[in-house]
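Undergrad: Quick one: this structure, given as structure tokens, is what I'll be asking you about.
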Amino acid sequence: MRRWVTVLVALSGCTYPEKQFAGPFTCLGAAAPTSAQPLVMIEGQAINPSDLMPLSGVSLTLQDRNMNTVAGPLTTMNTGAFQFSLNTNGTPVDGVYVHATAADRYTTYYAPARLVTENLQFGFALLSTMQANNLALGALGGPFTANTGAVLLTVNDCNDEPLANATVTSVPPGAVRYFDGIMPSMTATKTDAGGVAMVANLQPGPVTLTVTIGDRTLPSRTFNIVATAFVQTVIVP
């Protein structure tokens with residue numbers, strides 16, 4: 001089985017492609033972009049996490065930070081591919097979600113790692129009900145708490161490489177679990193080399209996640225949690 005880092009959490013491309021950062025944290029504290037391409041293409045692929053095969057027939061909408069639909073719906077093709085266009089009016093867009101649903105699969109919201117300022121390409125996984133149940137069993141020793149949601153994330157550095165030794169906290173609190181190799185652990189206290197973590201049993205509504213690595217604290221991110229659904233994202237400096 002491939003590492004869950006590659007099949008559960010989509011890895012978003014860097015929003016600042018003109019820069020190659022000199023070190024893993026050299027972008028920390030950098031000023032956010034103030035302008036964006038007027039029309040941005042958001043495209044990617046939906047996949048099945050167990051075999052990395054594309055998922056066709058997935059229903060998708062593009063939503064704003066309040067989860068209001070701004071584009072779609074559309075359906076993935078046989079290749080699992082999709083494409084949205086987003087009018088930014090030249091201003092960076094914060095809080096975009098790609099909302100995905102399919103029969104017998106957990107509803108998923110993908111949130112890009114940074115402000116949307118230019119074209120994005122990424123892939124993300126839709127877990128089947130059985131896969132989600134197995135994930136909960138490995139992480140929590142039992143099912144997810146009813147009517148709660150979860151965040152699946154990787155912690156990446158400035159050049160989109162996974163970061164080990166990161167800790168995650170949430171407000172309000174949830175059940176934080178780190179992955180040990182390909183599976184979640186009930187005892188791990190930090191991310192491993194894959195940088196993957198999950199925050200489960202979150203009540204619906206806003207949740208703020210903060211990542212700490214040594215004496216560095218990455219910018220906090222706030223997401224909207226939906227019952228019986230996953231948010232997938234990447235946390236970066």
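Undergrad: Need the failing condition index for T34 against (1) more than 18 Å from V93 (Cβ to Cβ); (2) at pLDDT below 95, just the number.
TA: (1)
Undergrad: Follow-up question, since we're still on this one. Considering region 48-72 alone, what residues qualify as being in contact with a Ser or Thr (Cβ under 6 Å, 6 or more places away or on another chain) and either in a strand (DSSP E or B) or closer than 17 Å to N224 by Cβ (or both)?
TA: P54, S59, T61, Q63, T69, G72
Undergrad: Looking only at region 22-69, how many residues end up being in contact (Cβ under 8 Å) with a residue 60 or more places away in the chain and either of a type in the set (F, W, Y) or in contact with a helix residue (DSSP H, G or I) (Cβ under 8 Å, 6 or more places away or on another chain) (or both)?
TA: Here the count works out to 4.
Undergrad: Taking the residues in region 186-230 that are out of contact with any strand residue (DSSP E or B) (no Cβ under 6 Å at 6 or more places or on another chain) and free of Cβ contacts under 8 Å to residues at least 12 places away in the same chain as candidates, determine which candidate is surrounded by the most Cβ atoms within 10 Å (Cβ to Cβ).
TA: Top of the filtered list is T217.
Undergrad: For region 69-79, indicate whether the set of residues that are among the hydrophobic types (A, V, I, L, M, F, W, C), more than 25 Å from M183 (Cα to Cα), at pLDDT 90 or above and open to solvent by 50 Å² or more (accessible area, probe 1.4 Å) is non-empty.
TA: Checked region 69-79: at least one residue is among the hydrophobic types (A, V, I, L, M, F, W, C), more than 25 Å from M183 (Cα to Cα), at pLDDT 90 or above and open to solvent by 50 Å² or more (accessible area, probe 1.4 Å).
Undergrad: With respect to F179, is the statement that it is modelled with pLDDT under 90 and part of a strand (DSSP E or B) true?
TA: no
Undergrad: Only one residue in S59, S85 is open to solvent by 50 Å² or more (accessible area, probe 1.4 Å) and modelled with pLDDT of 95 or more. Which one?
TA: None of the other options fit; the residue is S85.
Undergrad: Taking the condition modelled with pLDDT of 90 or more and either among the acidic types (D, E) or open to solvent by 50 Å² or more (accessible area, probe 1.4 Å) (or both), does E18 pass?
TA: Judged against the criteria, E18 is not a match.
Undergrad: Still on this structure: Kindly indicate whether T145 is at pLDDT 95 or above and in a loop (DSSP other than H, G, I, E, B).
TA: yes
The values are calculated or read from the model by the stated rules, or taken from the named source; none is laboratory data. Everything quoted here is computed from the prediction, not taken from an experiment. Reconstructed Cβ throughout: ideal geometry from the backbone, glycine too, with neighbour counts over all protein chains shown. The area values use the complete protein model at the heavy-atom level, side chains included, leaving out ligands, DNA and RNA. Shrake-Rupley method; radii C 1.70, N 1.55, O 1.52, S 1.80 Å.
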